[in-house]
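Here you go, one structure.
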Amino acid sequence: MLQNVFEQKNTLSFEIFPPKKDGEFESAFRVLDSLGNLKPDFISVTYGAGGSRSGKTIEIASYIQNKLKINAMAHITCVGSKKEDILRVSAALREHNVNYVLALRGDRPREMSDEQFDSRDFAHASDMMRFLKENTQLHMAGACYPEKHFEAFSMESDLNHLLKKQEAGAEFLVSQLFFDNDYYYSFLEKADKKGITIPISAGIMPITTANQLGTTVSLSGSSVPKALADLIARYGDSREDMRKAGIDYAIRQIRDLQENGVKHIHIYTMNKPKMAGEIVSAIYR
Ligand code: FAD
């Protein structure tokens with residue numbers, strides 16, 4: 001049980017995404033084999049917000065759980081989904097022995113019709129969580145946002161909504177990526193005051209190319225501290241130097257978190273096992 005693992009030790013986990021094309025599964029499995037060698041406590045697998053590619057998430061999660069014998073956590077989103085859709089995916093996960101989901105609302109994809117969006121059964125992740133708790137045996141985690149979710153009116157209201165995830169049965173939380181640890185420390189303090197007692201895993205994404213930073217920031221809304229901006233300005237034009245500097249930044253970020261008592265680290269691996277391996281050997285040697 002992951003819940004026990006969180007209670008007993010510091011955890012390390014990875015996020016990966018399923019291959020975009022059917023022909024790419026073999027190479028995805030090789031990526032997973034390498035990540036598996038790093039012995040993470042769990043690996044989470046992303047999910048397309050519309051749900052049409054859910055089979056790929058299930059196949060990858062199944063490989064992690066059944067072939068690698070590592071706890072797999074499948075992401076699942078409810079934007080545009082009916083209860084039947086969520087039950088179908090939940091049943092398929094259970095059939096594959098995958099018992100953990102990161103239950104998310106998701107964002108409406110551009111191609112989703114008004115009809116599908118308007119007929120959704122769940123407005124928020126916590127609504128789906130309550131439904132999953134009542135109707136399935138799945139264990140659940142939820143997402144949290146150290147710098148506030150972009151739609152939330154205030155951090156206070158976002159935390160009120162986060163508390164609903166805990167009340168709905170979330171066993172732990174995984175944070176949005178952040179580059180400035182001070183936001184995370186401040187968030188942990190506020191979450192604690194709000195009564196959030198479940199473990200929280202800190203989301204770290206190493207930035208290894210200058211282009212990646214722009215895309216990441218526009219998707220996550222995370223702030224870029226001066227130290228990271230300076231690093232991009234200095235090394236952004238050199239592929240190898242940028243890669244090394246980005247990995248070093250992530251290592252320093254994780255070390256600082258650990259020195260400040262953060263026990264749970266979740267690395268957004270971007271399906272790059274070599275990069276993950278370099279971080280893990282620097283941190284855990
Ligand atoms: P919610 O918890 O529903 O929150 C969304 C907004 O609604 C917030 O502003 C919140 O404050 C507000 N809110 C919540 N409950 C209520 C309520 N009861 N009343 C009023 N307002 C409320 N997306 C994908 O498509 N696929 C993925 O695999 C994926 N993986 C992710 C993994 C992590 C770790 C994170 C942090 C995000 C991930 N996302 C993924 C992105 C996520 O789907 C988006 O951030 C989305 O905008 C919010 O999802 P949520 O589950 O946090 O939503």
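The values are calculated or read from the model by the stated rules, or taken from the named source; none is laboratory data. Keep in mind that what you see is a predicted model, and the values were worked out from it rather than measured. All Cβ positions, even for glycine, are placed from backbone atoms using ideal geometry, and neighbour counts span all protein chains on display. Keep in mind that these areas ignore ligands, DNA and RNA; they rest on the heavy atoms of the full protein, side chains included. Shrake-Rupley method; radii C 1.70, N 1.55, O 1.52, S 1.80 Å.
Calculate the dipole size of region 59-132 relative to its Cα centre from +1 charges on Lys and Arg beta carbons and -1 charges on Asp and Glu beta carbons; express the result in debye to the nearest 20. Numbers along the way, then the final one.
Numbers: 11 positive and 11 negative charges, 81 e Å.
In debye, rounded to 20, region 59-132 gives about 380.
Listed highest first by mean packing, meaning other Cβ atoms within 10 Å per residue, what order do 51-57, 231-237 come in?
Values: 51-57: 19.3, 231-237: 15.7.
Taking the mean over residues of other Cβ atoms within 10 Å, the ranking is 51-57, 231-237.
Moving on. Can you give me the % of accessible surface on region 1-132 that is carbon or sulfur? Probe 1.4 Å, all protein chains present, nothing else counted.
Working: 2950 of 6350 Å².
C and S atoms contribute 46 percent here.
When the dipole is taken about the Cα centre of region 166-285, and only Lys, Arg (+1) and Asp, Glu (-1) are charged at their Cβ, what size is it in debye, to the nearest 20? All intermediate terms of the calculation are to be shown ahead of the outcome.
Values: 14 positive and 14 negative charges, 45 e Å.
Its charge dipole is roughly 220 debye.
In what sequence, highest mean first, do 207-217, 149-159, 124-134 appear when ranked by Cβ atoms within 10 angstrom? Working shown, then result.
Working: 207-217: 16.9, 149-159: 14.1, 124-134: 19.8.
Peptide ranking by packing, descending: 124-134, 207-217, 149-159.
Roughly speaking, what % of Cα-Cα pairs in region 22-145 are separated by over 22 Å, rounded to a whole number?
Values: 2602 of 7626 pairs.
Summing the P(r) of region 22-145 above 22 Å gives 34 percent of all pairs.
Can you work out the accessible area per residue across region 1-138, with the rest of the protein chains kept in place, probe 1.4 Å, in square angstrom? Kindly include the intermediate steps, with their values, before the conclusion.
Values: 6870 Å² over 138 residues.
Per-residue value: 50 Å².
If you don't mind, there's one more thing I want to ask. Using a/c under 1.5 as the rounded threshold, could you call the chain rounded, prolate or oblate? The axes a ≥ b ≥ c are square roots of the C-alpha gyration tensor eigenvalues, and prolate needs a/b larger than b/c, oblate otherwise. Could you put the intermediate results ahead of the total?
Numbers: a/c = 1.42, a/b = 1.25, b/c = 1.14.
It comes out rounded by the Cα gyration axes.
Next question. Which one of PRO225, ALA202, PRO273 is farthest out on the positive end of the charge dipole of region 178-285, using unit charges on Cβ (Lys, Arg +1; Asp, Glu -1) and the Cα centre as origin?
Positive-most Cα among the choices belongs to PRO273.
Separate question: Based on the mean of other beta carbon atoms within 10 Å per residue, what is the order of 180-188, 265-273, 220-228, most packed first? Intermediate results must be reported in sequence, preceding the final value.
Numbers: 180-188: 18.6, 265-273: 22.4, 220-228: 15.6.
Descending packing order for the listed peptides: 265-273, 180-188, 220-228.
Here's another thing I want to ask about it. Across region 192-276, how large is the tail of the calculated P(r) beyond 23 Å, expressed as a percent of all Cα pairs? Write out the running numbers ahead of the final one.
Details: 932 of 3570 pairs.
Within region 192-276, distances greater than 23 Å cover 26 percent of Cα pairs.
With a point put 7 Å past each Cα toward its Cβ, work out how far THR209 is from THR197 in nm, to one decimal.
Result: 4.6 nm between the two label points.
Got a sec? Charge dipole of the chain, +1 on Cβ for Lys and Arg, -1 for Asp and Glu; which of VAL98, GLN253, TYR235 is way out at the positive end?
Working it through, the farthest residue towards the positive pole turns out to be VAL98.
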